[in-house]
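Beneath this line is the structure, given in structure tokens, with notes to follow.
What follows draws every value from the coordinates through simple rules; no lab data is involved. These figures come from a predicted structure and were not determined experimentally. Because the Cβ atoms are built from the backbone with ideal geometry, glycine has one as well, and the counts that use them run over all protein chains shown.
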Amino acid sequence: MARITISLPEQLSRFVEARLVEGPYRDESDYLCRLIREDQARHQDAIAALRSLLDEAEASGISDSSPEEILEAARTEARQRGLLE
């Protein structure tokens, strides 16, 4: 197993210590590994969602809409999904 050393601001260090007391974590390493695994899973889910959208777009064929209409429709959908303000 690889070993890394990190430095945390005091506030984050206290937060990690509190999580160790109240959570199911054995130690700092266990806590950080879990955070990294969760981030990795979110990253993989985001990539899968993007691939799915690309597949859907490719399967939809060529649009009769203008580039401006396509862009506005994409912005509207992004706003509805909370991805764009």
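Tabulated data for the structure shown
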| item | result |
| --- | --- |
| Identity of the residue in segment 35-68, among the basic types (K, R) and within 23 Å of A2 (Cβ to Cβ), that ends up nearest to the chain's Cα centre (by Cα) | R42 |
| Selection from segment 58-85 of residues that are assigned to a loop (DSSP other than H, G, I, E, B), among the aliphatic types (A, V, I, L, M) and surrounded by 11 or more Cβ atoms within 10 Å (Cβ to Cβ) | L84 |
| Matching residues in segment 13-34 - criterion: being under 16 Å from R3 (Cα atoms) and not aromatic (F, W, Y) | D27, E28, S29, D30, L32, C33, R34 |
| Given (1) within 23 Å of L83 (Cα to Cα); (2) exposed (fewer than 11 other Cβ atoms within 10 Å of the Cβ); (3) of a type in the set (A, V, I, L, M, F, W, C); (4) more than 21 Å from the chain's Cα centre (by Cα), number of the condition A18 does not satisfy | (1) |
